[in-house]
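J.: Before anything else, here's the structure in question.
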Amino acid sequence: MTQPGTLVLIMAAAVLAPLLVHATGRRVRVPLVIFEIVLGILIGPQVLGWAHPDEVVDTLADLGLSMLIFLAGYEIEFAAVRGDTLRRSLWAWPVSLALGIGLGFLFSGGAVFEAFVVGTALTSTALGTVLPMLRDGGELRSRFGTVVSAFGAVGEFGPVVAMALLLSGRRPAESAALLAAFAAVTAAAVLWALRPRPPWFGELTERTLHSSGQFAVRFVMLLLACMLGLAEVFGLDVLLGAFAAGVLTRLVLHRAAPASSEAVLGRVEALGFGFLVPLFYVVTGIEFDLDALLDDPAALLLVPVFLLLFLLVRGGPVYLLAPRDLRRADRTALALFASTCLPLVVAITTIGVDQELLGTDRAAALVGGAMVSVLVLPLVATRLRSKDGGRAGPPGAAEGARDTEAW
């Protein structure tokens, strides 16, 4: 099908997905992203053969992934994520990476770069999927939500840094130098963001908030484009720039226009979760190599194996290093949330396949295991906390959570 026809089908799948969530919600809670990916598989070349992405659609899907990481970076409240919680989250991820690469060596039979691909994928956390659940449940600013944000942020940021160092195709020393240069420029941007904004910034934000001008939204999109371009100039993965842009945007808006920051974010989220993010997930389904998974029984058996490895590699260190003031049920729920992954697994395996470091069958099994993690782990974590007396959120929160990008 032509590009316009494919785009129509993708957006039709994006509209159908929340309808299916609503229709099945009374019987079983299925994450929205699962329906988006499954519908993508259905209309893609592996099943019906109706949709065939081209360069334009792939570019929009890349923007969708960048927007997902951007929104995850925006949600991190660094004033609350500090001290012992931050130290524990920073220690947990390197332990996961060492464990993941070690298991990757065993899995790949000693192939170094395949071990890097598999090991890095096992350490990621789908913060952009987890945070909407906590926000809609009224727990994002709670103690538990703060801890999840800290461990999830490192689980989102760490793999992106590892991709830049291990999977860029350059020598590690060269990659480290470029990463340090990018960090220096980003630090300078943070210092700029912390400076008081001139009064006209907040006034113009207020004046154009309900007009066609939309100054603040345009400013946010400019900031995102600049950080994506900066990462590209330094030869780093653009997701690093997207995450940094989210952090910078929060600093700027909360200092320059605190009264309007949530309204501005709502408009950016509408663009992201209303168009770009679902497009990314549907295209992920369209490009998913279902044949490689179904034609090879060994690859299919790897799906539950990878799910267990996500829990072991990412969830194990998180559970052991979780703050001591959390109850056992909360520590287990934290490990389950931290083991929930998908977007970065898709990105990492795509790089691995493109560079011929990873076979399509194993890439499909990794993505399949990540899809199951999104379907199962947050649900188990939520029910575990509810049974143990954990906060379930305000009235109506569970129903509202089904309509988010996570559920």
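The values are calculated or read from the model by the stated rules, or taken from the named source; none is laboratory data. Keep in mind the model is a prediction, meaning the values are calculated, not measured. For neighbour counting, all protein chains shown are included, and Cβ atoms are generated from backbone atoms with ideal geometry for every residue, glycine included. Keep in mind that these areas ignore ligands, DNA and RNA; they rest on the heavy atoms of the full protein, side chains included. Shrake-Rupley method; radii C 1.70, N 1.55, O 1.52, S 1.80 Å.
J.: Under a crude label model (7 Å from the Cα following the beta-carbon direction), how far is GLN355 from LEU16 in nanometres?
T.: 3.6 nm
J.: Compute and list, largest first, the equivalent-ellipsoid semi-axes of the chain from the alpha carbon gyration tensor, each √(5λ) rounded to a whole angstrom.
T.: Whole-Å semi-axes of the equivalent ellipsoid: 29, 25, 24.
J.: I would also like to ask the following. How much length is gained on full extension from ASP295 to ARG207, taking 0.36 nm per residue of separation minus their Cα-Cα distance?
T.: Computed gain between ASP295 and ARG207 is 25.8 nm.
J.: Taking each full run of DSSP H in the chain as one helix, which ones are at least 18 Å long along their axis (Cα atoms) and have mean Kyte-Doolittle hydropathy of at least -1.0?
T.: 3-24, 55-75, 83-108, 143-166, 172-194, 215-233, 238-256, 297-310, 360-387
J.: State in Å² the accessible area per residue of the range 270-368; use a 1.4 Å probe, count heavy atoms of protein chains only, and round to the nearest integer.
T.: Here the per-residue accessible area is 37 Å².
J.: Taking the Cβ-Cβ separation of ARG27 and ALA187 as r and a Förster radius of 45 Å, what is the calculated FRET efficiency to the nearest 0.05?
T.: The computed FRET efficiency comes out at 0.35.
J.: Would you please give the FRET efficiency between ARG195 and ASP84, computed as 1/(1 + (r/R0)^6) with r the Cβ-Cβ distance and R0 = 22 Å, to the nearest 0.05?
T.: With R0 = 22 Å, the Cβ-Cβ based efficiency is 0.15.
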